[in-house]
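The values are calculated or read from the model by the stated rules, or taken from the named source; none is laboratory data. The structure presented is a predicted model; accordingly, all values stated were derived computationally and were not measured. All Cβ positions, glycine included, derive from the backbone under ideal geometry; neighbour counts span all protein chains shown. Just so you know, the surface numbers come from the protein's heavy atoms only, side chains and all, with ligands and any DNA or RNA stripped out. Shrake-Rupley method; radii C 1.70, N 1.55, O 1.52, S 1.80 Å.
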Amino acid sequence: MKLKTKIHLFSTLLMLVILSLTNIGIYFVFEKMAYDTEYNQLQLRSNEITKSFSKVNEKIDIGTVVGAYMPPNGAIRVYDATGKEIRKFDTVGTIKKYKPQFEKNANFSIEKFEGIPVLTIRTPVIWTNGEVVELQMIQQLIDVKESLRTLTLILVGVTAIAMIPIIISSIALGRILTHPIVKLIETMSQSRKTGTYEKISIPSNGKDEMGQMAKTFNDLMEKLETNYNQQEQFVSNASHELRTPLTVIESYARLLTRRGFDNRDVAEEAVGAILGESVRMKEMIEQLLQLARNHEQMKYDFAETDIYEQIEKTLQPMRQAYSRDFLLEGVRPAIANTDGKKLRQLLFILLDNARKYSDDLIKTTIEESVEGFIISVIDYGNGIPEDALPNIFNRFYRVEEDRSRKTGGTGLGLAIAKELANGLGARLKVESIYGMGTTIRIFIPKERILTEF
Ligand code: ADP
């Protein structure tokens, strides 16, 4: 069943049930009020007749007294203490056969007799012979029956008329609610068919849940489109970057086959180039894998960590491998809630760049601030030109001169560093004076900050 039909059916049925229950309530309240009025009137008559009986004597005919208080469409009956009927006065023939049934200790009864409600009130009175007898006043409630019938007709009529706007509004409600969903489905199937990222048009006043849903859907589509374009760009950049070393390898391999077997110098040059390019390719593929894994939300293990110790652990093997001066200064211990392993990875990228693009001393400092620690990696190398600064975190970006220099870079290091910093909730800031050196600062919060990927 369609959602529209469900909404329509449910709201109509609900309103019908509410209306019916209200009408049933009105009917019973009215019925009770009508019976109460009739009861009070008959009770009044009964009290009057009781008073009159006390004044009756041998000279006054009991029939004359009863006649004065006879209820319309009713009867008066008198029973002695044994329950034997002493007298009866009936106004209508149909009532003759009616015998009221009283509930225990009740002084009245309301029963249906031949489809008409009949009210009976019983009262003890002193009979002409001084005996206590039971006087029953019976009245057919024909007017009440008529009024209840008219009321039933009115209520049914009102319900039927009220159902017309209810049905119309429930159809409209179904349409209003399902319209954006239908549009969403149409847009989704259109996107699926054409392979594009279609969006839903949101009305300017669309601030309700439906408008929010459409906005969320559009945001999702936009994000998917951006991600898709980024991936496409990434794949095309990656294949372009991998093509360069492969072309070098291919051309040196050809040279080797043509002239390498006769000429040792050519062979050595070719094998050296092939080896160098293979190492570069391997490094690039490893970095590409790391970037891809970062995208799948790498797991970060946050714990109380001494940042000073982590920097020292990163520096030691670098000092040994490159025989360069790597200095470390600053607060010790520097405790923060972070992932030590990922922090070391990030530091390694920055320190390795500092090493690659400078020949002098490399200094690392730690300063404490209220919210965290600032790690600065300082080198006194060539620096980065000002116009290149905004691009250095882009994938495969390398400053022009470094492309030709044999520093062995891939242009992926800082892109990975940025993703690692995001995961750690850290911020990176670069300051560089071209020709003087570069300082890259990492701001690490003391407490973990949850970041959105
Ligand atoms: P690469 O593998 O080329 O080093 P990165 O993403 O790590 O790739 O860096 C991008 C570019 O930014 C580098 O190619 C280099 O031109 C420049 N760069 C990064 N760090 C430094 C630095 N400390 N000094 C000078 N230039 C740098």
Query raised in the report: Using beta carbons and a limit of 7 Å, which pairs, at least six apart or on different chains, have the first residue in region 52-78 and assigned by TED's automatic domain parsing to the domain that holds ILE142 and at positive phi and the second one outside any helix (DSSP H, G or I) and modelled with pLDDT of 80 or more?
Result: ASN73/GLN139; ASN73/GLN140
Query raised in the report: Out of curiosity, is ASP360 away from the ligand (no atom under 12 Å from the Cβ), exposed (fewer than 13 other Cβ atoms within 10 Å of the Cβ) and modelled with pLDDT under 95?
Result: no
**Report entry** Failed condition for ASP262, given (1) open to solvent by 50 Å² or more (accessible area, probe 1.4 Å); (2) farther than 27 Å from PHE373 by Cβ; (3) part of a helix (DSSP H, G or I)
**Finding:** (3)
Requested in this report: Determine which member of the set ILE449, ILE440, ILE384 is part of a loop (DSSP other than H, G, I, E, B), modelled with pLDDT of 85 or more and aliphatic (A, V, I, L, M).
Outcome: ILE384
Query raised in the report: In region 36-51, is there at least one residue being open to solvent by 90 Å² or more (accessible area, probe 1.4 Å) and among the basic types (Lys, Arg)?
Result: yes
**Report entry** For GLY74: the one exception among (1) open to solvent by 40 Å² or more (accessible area, probe 1.4 Å); (2) within 30 Å of VAL132 (Cα to Cα)
**Finding:** (1)
Query - Residue within region 363-376 that is away from the ligand (no atom under 16 Å from the Cβ) and either basic (Lys, Arg) or touching a His at 6+ places or on another chain (Cβ under 6 Å) (or both) present - result: no
Report summary line: When (1) over 50 Å from the mean Cα position of the chain (by Cα); (2) of a type in the set (A, V, I, L, M, F, W, C); (3) at pLDDT below 90 are applied to VAL271, the one that fails is (3)
Query raised in the report: Is it fair to say ARG280 is open to solvent by 30 Å² or more (accessible area, probe 1.4 Å), in contact with a Ser or Thr (Cβ under 8 Å, 6 or more places away or on another chain), in contact (Cβ under 8 Å) with a residue 12 or more places away in the chain and assigned by TED's automatic domain parsing to the domain that holds LEU424?
Result: no
Query raised in the report: Considering region 79-100 alone, what residues qualify as being under 10 Å from GLN136 (Cα atoms) and touching a residue at least 40 places away in the same chain (Cβ under 8 Å)?
Result: TYR79
Report task. Working only within region 82-109, note down all residues that are closer than 20 Å to ILE62 by Cα, in a loop (DSSP other than H, G, I, E, B) and of a type outside the set (Ser, Thr, Tyr). Result -> GLY83, LYS84, VAL92
Report summary line: Among ARG319, ARG332, ARG324, the single one that is more than 17 Å from ILE416 (Cα to Cα), part of a loop (DSSP other than H, G, I, E, B) and open to solvent by 60 Å² or more (accessible area, probe 1.4 Å) is ARG332
Requested in this report: Scan region 321-334 and give yes if some residue there is within 14 Å of the ligand (Cβ to nearest atom) and of a type outside the set (Gly, Ala, Ser), otherwise no.
Outcome: yes
Query raised in the report: Among the residues of region 367-375, is any crowded, with 20+ Cβ neighbours inside 10 Å, over 45 Å from the mean Cα position of the chain (by Cα) and assigned by TED's automatic domain parsing to the domain that holds GLY423?
Result: no
